[in-house]
Amino acid sequence: MNHNPAAHEMELMAIKALGFADDHISESFEMKDVSEWLGISYSYFYHSFTTVTGEPYWQYVKRHRLELSAGLLRHSGFNISEIGDRTGYATVAAYTKAFTQYFNRSPRSFRKIDILPNEKRTLELVDLIVQAFDKKGHAITPLFSFDMTETDQLPESTLFYTLLSRGQDPIAQMIMKMTREEQRLRSIISALNLPNAKIITSTLDSVPVTDYERMSMYVGILIPNKDITTLFLQMAIADKLMTKRIPGGHYITLPVPTDFATAGIPMYEFIDRYVKEGVFKMSGTHFFISLVAPNSCVIYIPHLKQLL
């Protein structure tokens, strides 16, 4: 954490802007809309965001949308036109042009790739980091089977979250900060008696499309919209939590007897394997891990029910 007050405020502003871009992924907006939402000048926002993150805001927005669209191409049941629309492109031609320029291949061609350019490196890095933090000196990677899954239907919900890491070494930072942040969030749930709330963790990005060093890992409280009270909102604001809309719908659930870090790699491999085999298709990139107990998690994967 930066102890310079001005630099700290600038960093918080940049993080809020990241959250705005992610929560408005399919919507049309301009930089001035974000600067006005933040309550700062356009010029200050432009220069501050670039200083904090190392890339201009609109470059981040474009990259984030295209990387999430690549995740949808890989794992969802949507066609190319639907994916373009869901990631903020008015026409399939505009989406195809932007995607092709960024990835150097068309969406249709990208969809046929068996192993993505970042895939092997990202999974190997995460595995090494988890091993380094594992008390026994090795990571436990259970074999997840589709036979272990159940299904659930979540209502329209909102995620109130904080970023555990942004860039550098995101998984290591996430592991180091998780215990403290989880305790903080559980105290909020306990104080306000929110039995339907979940502590969840994941990334804002598309794994493994996004470069490992650029991933933003979060932990937060997922709460059904009907359970959100004025008192909860006041506490969320006081704790400087950001918000992300999580669509309701059908989810595949997978209980796993491990901590959140150990579950990460087999979770991705589970998704990738069964999507490729045609067992299910995802309805979005917002899969997450629900933290139930120190060594107990439940993975939630949004899916298109009609394809099961």
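The values are calculated or read from the model by the stated rules, or taken from the named source; none is laboratory data. All values derive from a computational prediction rather than experimental measurement. Note that we place each Cβ from the backbone using ideal geometry, even for glycine, and neighbour counts take in every protein chain shown.
Out of Glu11, Glu82, report the one residue that is surrounded by fewer than 17 Cβ atoms within 10 Å (Cβ to Cβ), among the charged types (D, E, K, R) and more than 14 Å from Ser206 (Cβ to Cβ).
Result of the check over Glu11, Glu82: Glu82.
Just checking, which of Thr201, Thr141, Thr149 is within 23 Å of Glu269 (Cα to Cα) and at pLDDT below 85?
After ruling out the rest, the residue left standing is Thr141.
Inspect region 245-254 for any residue being assigned to a loop (DSSP other than H, G, I, E, B), more than 30 Å from Leu12 (Cβ to Cβ) and among the aliphatic types (A, V, I, L, M) and give the result as yes or no.
Checking region 245-254: not a single residue is assigned to a loop (DSSP other than H, G, I, E, B), more than 30 Å from Leu12 (Cβ to Cβ) and among the aliphatic types (A, V, I, L, M).
For region 267-291, name all the residues that are surrounded by fewer than 20 Cβ atoms within 10 Å (Cβ to Cβ) and either modelled with pLDDT under 90 or more than 23 Å from Phe160 (Cα to Cα) (or both).
Tyr268, Glu269, Asp272, Arg273, Val275, Lys276, Glu277, Gly278, Val279, Lys281 - these are the residues of region 267-291 that are surrounded by fewer than 20 Cβ atoms within 10 Å (Cβ to Cβ) and either modelled with pLDDT under 90 or more than 23 Å from Phe160 (Cα to Cα) (or both).
Tell me whether region 13-28 contains one or more residues that are over 17 Å from His64 (Cβ atoms) and among the hydroxyl-bearing types (Ser, Thr, Tyr).
So far as region 13-28 goes, no, none of its residues is over 17 Å from His64 (Cβ atoms) and among the hydroxyl-bearing types (Ser, Thr, Tyr).
Tally the residues that are β-branched (Val, Ile, Thr) and within 29 Å of Asp114 (Cβ to Cβ), restricting the search to region 202-252.
Qualifying residue count for the region: 5.
Which residue is surrounded by the fewest Cβ atoms within 10 Å (Cβ to Cβ), if the candidates are limited to region 85-106 and must be of a type in the set (S, T, N, Q) and either in a loop (DSSP other than H, G, I, E, B) or on the phi > 0 side of the Ramachandran plot (or both)?
Asn104
Need the failing condition index for Pro294 against (1) touching a Cys at 6+ places or on another chain (Cβ under 8 Å); (2) surrounded by fewer than 18 Cβ atoms within 10 Å (Cβ to Cβ), just the number.
Only one criterion in (1) touching a Cys at 6+ places or on another chain (Cβ under 8 Å); (2) surrounded by fewer than 18 Cβ atoms within 10 Å (Cβ to Cβ) is unmet by Pro294, namely (1).
Given (1) in contact with a Leu (Cβ under 8 Å, 6 or more places away or on another chain); (2) among the hydrophobic types (A, V, I, L, M, F, W, C); (3) closer than 17 Å to Tyr102 by Cα, where does Met13 come up short, assuming only one miss?
(3)
Is it the case that region 205-220 has a residue that's touching a helix residue (DSSP H, G or I) at 6+ places or on another chain (Cβ under 8 Å), crowded, with 21+ Cβ neighbours inside 10 Å, outside any loop (DSSP other than H, G, I, E, B) and at pLDDT 95 or above?
yes
Assigned to a helix (DSSP H, G or I), under 18 Å from the mean Cα position of the chain (by Cα) and aromatic (Phe, Trp, Tyr) - does that describe any residue in region 58-77?
Yes - at least one qualifying residue is present in region 58-77.
For region 160-209, which positions are in contact with a His (Cβ under 9 Å, 6 or more places away or on another chain) and not hydroxyl-bearing (Ser, Thr, Tyr)?
Hits for region 160-209 are Leu204, Asp205.
Being part of a helix (DSSP H, G or I), aliphatic (A, V, I, L, M) and more than 15 Å from the chain's Cα centre (by Cα) is the filter here; which residues of region 152-180 pass it?
Those that are part of a helix (DSSP H, G or I), aliphatic (A, V, I, L, M) and more than 15 Å from the chain's Cα centre (by Cα): Ala172, Ile175, Met176, Met178.
Could you tell me whether Thr253 is at pLDDT 90 or above, loosely packed, with under 14 Cβ neighbours inside 10 Å and either among the hydroxyl-bearing types (Ser, Thr, Tyr) or outside the structural domain of Ser145 (by TED's automatic domain parsing) (or both)?
So Thr253 does not fit the description; no.
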